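Read the structure below first, then the notes.
The values are calculated or read from the model by the stated rules, or taken from the named source; none is laboratory data. Because the structure is predicted, anything quoted here is derived from the model rather than measured. Every residue, glycine as well, gets a Cβ built from its backbone with ideal geometry; the counts of neighbours run over all protein chains shown.
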Amino acid sequence: PGYELLTWYGLVPDAWAPAAAAAHAAMEDAPTGDMDERIQTWTAPRLHTLQQLILDRGGDMITVAAVTPGGEVAAYTEVVLPDPTGTTALQYDTVVVPAHRGHGLGRAVKRHMAARAAARHPQLRRIATTVADENGPMRAVNEALGYRRERGVGIYQTTL
């Protein structure tokens, strides 16, 4: 209650881009283990530029957002089909803004996204995503929705 699910195909609409960019900042507190990740500041133009790159390369992008009556993006998820005729999509970010956690919004936006992606791309058979082992809440959401661990990935960093 109190949230509406919106679906955007391609670019996030201009009217929602500032709120969507603000929600991207919530990725900063996603558990990533010992990785030293510096997330750049999100703005509406930066969001549109990165989304446009996907579209310019021939891909399709679907964003589902849980929004408040006051115009805030409380949660969102993005899926990209690098080849819109292919059978595999890539799950990009799924974020729930801290003030809205604990209401099942992560699961809601991901479930809605899967339904919208399947309707738009009936040949779609697989959605791949990555989640840090330390991110228990998102792993639980993924498992509840039927995602299964495929393989581990190692990320290495060095200081220069």
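Within region 111-142, restricting attention to residues that are charged (D, E, K, R) and assigned to a helix (DSSP H, G or I), the residue that is farthest from LEU50 (Cα to Cα) is ARG139.
Of the residues making up region 45-63, those that are modelled with pLDDT of 95 or more and either charged (D, E, K, R) or part of a strand (DSSP E or B) (or both) are ASP56, ARG57, ASP60, MET61, ILE62, THR63. Residue selection: ASP60 fails the criterion of being of a type in the set (Asp, Glu), under 19 Å from TYR147 (Cβ atoms), surrounded by fewer than 21 Cβ atoms within 10 Å (Cβ to Cβ) and under 16 Å from the mean Cα position of the chain (by Cα). Checking ALA74, ALA89, ALA66, ALA108 one by one, the residue that is surrounded by fewer than 21 Cβ atoms within 10 Å (Cβ to Cβ) and either outside any loop (DSSP other than H, G, I, E, B) or over 12 Å from the mean Cα position of the chain (by Cα) (or both) is ALA108 and no other. The residue of region 1-27 that is surrounded by the most Cβ atoms within 10 Å (Cβ to Cβ), among those that are under 11 Å from THR43 (Cα atoms) and out of contact with any strand residue (DSSP E or B) (no Cβ under 8 Å at 6 or more places or on another chain), is ALA17. Pairs meeting the criteria (first residue in region 129-147 and surrounded by 14 or more Cβ atoms within 10 Å (Cβ to Cβ), second residue part of a loop (DSSP other than H, G, I, E, B) and among the aromatic types (Phe, Trp, Tyr), beta carbons under 9 Å, at least 6 apart or on different chains) are THR129/TYR147; VAL131/TYR147; ARG139/TYR147; VAL141/TYR147. Any residue at all in region 143-154 that's outside any helix (DSSP H, G or I), out of contact with any strand residue (DSSP E or B) (no Cβ under 9 Å at 6 or more places or on another chain), under 27 Å from ALA17 (Cα atoms) and not charged (D, E, K, R)? Scanning region 143-154, I find no residue that is outside any helix (DSSP H, G or I), out of contact with any strand residue (DSSP E or B) (no Cβ under 9 Å at 6 or more places or on another chain), under 27 Å from ALA17 (Cα atoms) and not charged (D, E, K, R), so the answer is no.
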